[in-house]
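A.B. asks: Let me begin by handing over the structure; questions about it come next.
The values are calculated or read from the model by the stated rules, or taken from the named source; none is laboratory data. Being a predicted model, the structure only gives us computed values, none of them experimental. Note that each Cβ is placed from the backbone with ideal geometry, even for glycine, and that neighbours are counted across all protein chains shown. Accessible surface is based on the protein model in full, side chains and every heavy atom, while ligands, DNA and RNA are left aside. Shrake-Rupley method; radii C 1.70, N 1.55, O 1.52, S 1.80 Å.
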Amino acid sequence: MTVAVFAYGTAVHVGQLLIGGLDPYPSMPAWLAGYFVALTIADPATALLLAFRRIEGLVLACLVLATDALANAYANYAVDQAGGVTPGRVGQAVITLLTAALLMRAPAIAPWLRRRPSPSASRSQSPRPPEGW
């Protein structure tokens, strides 16, 4: 499921680049627009690392989701002056919930992930990841 979250994020950010061209976030400060554009690389990299069950993927997933939640909070509450509930604010809430869920589950997920491969590592099978992974 976590891989799917990052695959979806990849699709969203690539779609925004395709629709918006060279300036997909014209109302955002340059640093924030740059962060969102960088997610077109960070999201698929995270998905790939997670798909290969690498511990680096879990660390990157936590980092990307946490910073994405913060970036979206800034975009939706500081930059966007609209009042009330907006689609962006709903999306930000979802990202925040996903971040909290991943951070709480990370210690339980980590044992099922691979660390840096070593030449002498055995090729025995690891236990299955937790339900819903």
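A.B. asks: Loop-only check: which trypsin sites (Lys or Arg not before Pro) in the range 27-106 are DSSP coil with at most 11 other Cβ within 10 angstrom?
C.D. replies: none
A.B. asks: What is the calculated FRET efficiency for Cys62 to Val12, with r their C-beta to C-beta distance and R₀ = 25 Å, to the nearest 0.05?
C.D. replies: After rounding, the FRET efficiency stands at 0.85.
A.B. asks: Using a Debye calculation, one point per C-alpha and no hydration shell, please list log10 I(q)/I(0) for the chain at q = 0.09, 0.18 Å⁻¹ in order.
C.D. replies: Taken in order of the listed q values, log10 I(q)/I(0) reads -0.31, -1.00.
A.B. asks: Per DSSP helix of 4 or more residues, -39500 (n - 2.57); summed, then divided by the residues of the chain. What does that give at 222 nm, rounded to the nearest 500?
C.D. replies: -21500 deg cm²/dmol
A.B. asks: Under the rule of at least 5 residues apart or a separate chain, name every residue whose amide H is placed under 5 Å from the amide H of Arg54.
C.D. replies: Amide H to amide H, under 5 Å and 5 or more residues apart or across chains, Arg54 pairs with Arg114.
A.B. asks: Between Ala71, Ala82, Ala61, which gets the highest mean-square fluctuation from a Gaussian network model of the chain, Cα cutoff 10 Å?
C.D. replies: The residue with the greatest mean-square fluctuation here is Ala82.
A.B. asks: Ignoring ligands, DNA and RNA, what percent of the 1.4 Å accessible area of the chain is carbon and sulfur?
C.D. replies: C and S fraction of accessible area: 69 percent.
A.B. asks: Would you check the accessible area of Val59, probe 1.4 Å, heavy atoms only, in square angstrom rounded to 10?
C.D. replies: 100 Å²
A.B. asks: Using the alpha-carbon atoms, what tilt in degrees (0 to 90, nearest 10) does helix 2-20 show relative to the longest principal axis of the chain?
C.D. replies: Result, in degrees: 30.
A.B. asks: Per residue, how much accessible surface does the chain expose to a 1.4 Å probe? Answer in Å², no decimals.
C.D. replies: Ligands and nucleic acids excluded, the result is 62 Å² per residue.
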